[in-house]
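> Questions regarding the structure given below will be posed in turn.
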Amino acid sequence: MSERPLWEPSQALIAQANLTAFARQAIRRWKLGFNTYPEFYAWSADHPEQFWDSVWDYCGVIAANKGARVLVDGGRMPGAKWFPDARLNFAENMLRRRDAGDAYVFWDETGFRRRISHAELQAEVSRAAQAMRAEGLVAGDRVAAFIPNMPETAVLALAAISIGARP
């Protein structure tokens, strides 16, 4: 068996990758004295609080409160708590894009494919949230459903989360 990889990205693709942009930003922010992927990977494992704080900022997480603590009980897996003081709405972060780019690409076992854009996802979640509110659901309520793994499942979960209910 060959030890060669099946595919390697070109230098141009590497330079354009989101991971490369993120690594460059983190390296500048923390004034790290290296610039290779193996060194960046080692840093991410050795400094998880700095790494995940950088991920939060690079990804532009929307939150009412980020909190000062990034990691509590980091040596306990499971049991570690990431950003334990943060207050955010997952749906708000998932639905912030409203463009024609793919939010979901669904393929089922029969080969059926369906693409849902960010704009379509936001519109579907909005309709579902309005229907939930019309039925009297409010923040703090629990919502449960027995439905298959399909895009509508994510739409309903995001709708419940967007109004503060717990799916």
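The values are calculated or read from the model by the stated rules, or taken from the named source; none is laboratory data. Just so it is clear, the model here is predicted, and its values are computed rather than measured. Backbone-built Cβ (ideal geometry, glycine too); neighbour counts: all protein chains shown.
> Can you pull out every residue in region 65-81 that is surrounded by 15 or more Cβ atoms within 10 Å (Cβ to Cβ) and modelled with pLDDT under 95?
Correct list: empty.
> From the residues in region 55-64 that are within 17 Å of Arg29 (Cα to Cα) and either outside the structural domain of Phe22 (by TED's automatic domain parsing) or of a type in the set (A, V, I, L, M, F, W, C) (or both), which one is surrounded by the most Cβ atoms within 10 Å (Cβ to Cβ)?
Residue satisfying both the conditions and the ranking: Trp56.
> Restricting region 115-145 to residues that are at pLDDT below 95 and in contact with a helix residue (DSSP H, G or I) (Cβ under 7 Å, 6 or more places away or on another chain), which is farthest from Arg166 (Cα to Cα)?
Result: Ala145.
Residues are listed down the side, and each one gets a yes or a no for (1) more than 21 Å from the chain's Cα centre (by Cα); (2) modelled with pLDDT under 95; (3) surrounded by fewer than 13 Cβ atoms within 10 Å (Cβ to Cβ); (4) not in a helix (DSSP H, G or I):
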residue	(1), (2), (3), (4)
Met1	yes, yes, yes, yes
Glu8	yes, yes, yes, yes
Ala12	yes, no, yes, no
Thr20	no, no, no, no
Ala26	no, no, no, no
Leu32	yes, no, no, yes
Pro38	yes, no, yes, no
Trp43	yes, no, no, no
Asp53	no, no, no, no
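> Glu124 fails exactly one of the following numbered conditions: (1) closer than 21 Å to Arg96 by Cβ; (2) among the charged types (D, E, K, R); (3) assigned to a loop (DSSP other than H, G, I, E, B). What is the number of that condition?
Here Glu124 meets the rest and fails (3).
> Among the residues of region 63-96, how many are without any contact (Cβ under 8 Å) to a residue 40 or more places away in the chain and in a helix (DSSP H, G or I)?
1
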